[in-house]
Amino acid sequence: MDPQLQYWTCRQKSSMGTKFWQQSVEDKEDKTPTWQKFTQAEMAEAVERDRKRREERLDACAAKLKQLDQKCKQA
């Protein structure tokens, strides 16, 4: 491949990447964060659902550990 053509091709690819990067940075600057789009009540509900889900997981883990502990004691 001709060195000048190779340089031009690489140069073109790098400038295209720069344009894409600049556009994505500009898009990020214009957009408001996702969490700011929700009302305070919606956020509170989501936090409560997450808390309940975590408690349920912990309860399930505790029950499983208790069950395994009883099996080990029997053996």
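The values are calculated or read from the model by the stated rules, or taken from the named source; none is laboratory data. All figures in this text were calculated on a predicted structure; none of them were measured in a lab. In this analysis, Cβ positions are derived from the backbone assuming ideal geometry, glycine residues included, and neighbour counts consider all displayed protein chains.
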Query raised in the report: Which pairs do you get when a residue that is in contact (Cβ under 8 Å) with a residue 40 or more places away in the chain, found in the stretch 50-75, comes within reach of a residue that is surrounded by 10 or more Cβ atoms within 10 Å (Cβ to Cβ), reach meaning Cβ atoms under 7 angstrom, with the pair 6+ apart or on two chains?
Result: none
Query raised in the report: Hey, among Lys13, Lys37, Lys19, which residue is modelled with pLDDT of 60 or more and of a type in the set (D, E, K, R)?
Result: Lys37
